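The values are calculated or read from the model by the stated rules, or taken from the named source; none is laboratory data. This one's a predicted model, so the numbers in the text were calculated from it and none came from an experiment. Virtual Cβ from ideal backbone geometry, glycine too; neighbours counted across all protein chains shown.
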Amino acid sequence: MDLVAEDIDSHPILDGTTADPQLRLERDERQAALRVAMKGLSAEDRLILKLRFEDDLPASQIARVVQLPSVFHVYRRLKKLQAYIRAQLEDGGVVE
């Protein structure tokens, strides 16, 4: 049997409606750990992450919104925030 990607229904995994209790538990644990990590950030840092990853704004617009001097400041801040969140998740037992 030859499986191709279009034969595999990934929608339940991606939209969080999977019936597999193990997958649901893992997803819920990751989300809880992420919420805890996010609580440790300043409001401005959370805004930067939201603008970039939820609103998909480019660094130039983020710099204007949060009044950072340049896109390079945005990139450095995002890199620092991602490292912080990754460390918090690893400390909380979430590993990729």
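Assorted remarks:
- First in the stretch 16-33 and under 25 Å from Arg86 (Cβ atoms) and basic (Lys, Arg), second anywhere and part of a helix (DSSP H, G or I) and modelled with pLDDT under 85, Cβ under 9 Å, 6 or more apart: Arg27/Ile13
- Extreme residue, surrounded by the fewest Cβ atoms within 10 Å (Cβ to Cβ), among residues of the stretch 51-63 that are closer than 23 Å to Gln88 by Cα and modelled with pLDDT of 95 or more: Leu51
- Flag for Arg24 being over 23 Å from Gly93 (Cα atoms), among the charged types (D, E, K, R) and part of a helix (DSSP H, G or I): no
- Residues within the stretch 46-96 that are part of a helix (DSSP H, G or I), in contact (Cβ under 8 Å) with a residue 40 or more places away in the chain and hydrophobic (A, V, I, L, M, F, W, C), tallied: 3
- In the stretch 37-50, of all residues being loosely packed, with under 14 Cβ neighbours inside 10 Å and over 13 Å from the mean Cα position of the chain (by Cα), the one that is nearest to Arg77 (Cα to Cα) corresponds to Glu44.
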